[in-house]
1. Would you pick out the residues in segment 8-20 that are part of a helix (DSSP H, G or I) and among the polar types (S, T, N, Q)?
2. Identify, from the list Ser63, Ser108, Ser126, the residue that is hydroxyl-bearing (Ser, Thr, Tyr) and within 27 Å of Tyr149 (Cβ to Cβ).
3. Among the numbered criteria (1) under 12 Å from the mean Cα position of the chain (by Cα); (2) among the hydrophobic types (A, V, I, L, M, F, W, C); (3) surrounded by fewer than 17 Cβ atoms within 10 Å (Cβ to Cβ), which single criterion is violated by Val118?
4. Mind checking which residues of segment 148-162 are of a type in the set (A, V, I, L, M) and farther than 17 Å from Leu50 by Cα?
5. Restricting to helices (runs of 4 or more DSSP H) lying wholly in segment 21-125: which have 2 or more residues that are among the hydroxyl-bearing types (Ser, Thr, Tyr) and under 24 Å from Ile154 (Cα atoms)?
6. Going through segment 23-35 one residue at a time, which ones are at pLDDT below 90 and surrounded by 14 or more Cβ atoms within 10 Å (Cβ to Cβ)?
7. Name the single residue that is surrounded by the fewest Cβ atoms within 10 Å (Cβ to Cβ) among those in segment 36-87 being farther than 23 Å from Arg131 by Cβ and of a type in the set (Ser, Thr, Tyr).
8. Can you tell me which of Ala91, Ala53, Ala20 is modelled with pLDDT of 90 or more and out of contact with any Lys or Arg (no Cβ under 8 Å at 6 or more places or on another chain)?
Amino acid sequence: NRFRIYRETLSRYTTINSVASANIIAILGAVIAIYTGAKFKLVKPFMLALLVAAVGTWGLIFSQSEAVYFWLNAVLGIAWAFAIPYFLTMAAKFDEAGQMAALGGFASKMGLASGPWVAGILLADSNDYIRLIYIAAAVLVASLLVSFYPAKEIDEHEAASL
């Protein structure tokens, strides 16, 4: 059983330390977003970050080694720390009053709050982490697809107003 191997390979100590260390490294994503935010349009960096997050999430299926698990968590953290400012920028550019930015921040917090809850529901009966990873990767791909058109519209609107 693939899940048994996955669960027995990484100890709780390894998991906690890997996630904590990877999140410190993930600060790099925000630093990169600061640098690229003024130099590039919205679509390409944002879509790349979501694609990296989706592929990195899917890669967790193959993370039986501590090093692979650590680096995948670091890459995921960097992708998220990079994508969130782009997401909030996109929300802020939808309206001048800032209502969409507030809604975007709320949506982000709701995702942080409800994600573990949904994961708990999905894991309650089966402890099937592999299925959870596939679902998470699919949701990220869906987010990429849903976000592409609005990001492209913002880029085109800004290019037309120059």
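1. Looking only at segment 8-20, we keep the residues that are part of a helix (DSSP H, G or I), and these are 8-9, 12-20.
Answer for segment 8-20, where residues must be part of a helix (DSSP H, G or I) and among the polar types (S, T, N, Q): Thr9, Thr14, Thr15, Asn17, Ser18.
2. Numbers: Ser63 fails: within 27 Å of Tyr149 (Cβ to Cβ); Ser126 fails: within 27 Å of Tyr149 (Cβ to Cβ).
One residue alone meets the criteria, Ser108.
3. Answer for Val118: the failing condition is (1).
4. Taking segment 148-162 first, the residues of a type in the set (A, V, I, L, M) are 151, 154, 159-160, 162.
Across segment 148-162, the qualifying residues are Ile154, Ala159, Ala160, Leu162.
5. Working: elements: 27-37, 43-59, 66-94, 99-124.
The helices (runs of 4 or more DSSP H) meeting that bar are 27-37, 66-94.
6. Passing the criteria: only Asn23.
7. Only one residue fits best here, namely Thr36.
8. Working: Ala91 fails: modelled with pLDDT of 90 or more; Ala20 fails: modelled with pLDDT of 90 or more.
Criteria check complete, one pass: Ala53.
The values are calculated or read from the model by the stated rules, or taken from the named source; none is laboratory data. The shown structure was predicted, so the numbers you read here are calculated from the model rather than taken from an experiment. Glycine also receives a Cβ, built like all others from the backbone with ideal geometry; neighbour counts cover every protein chain displayed.
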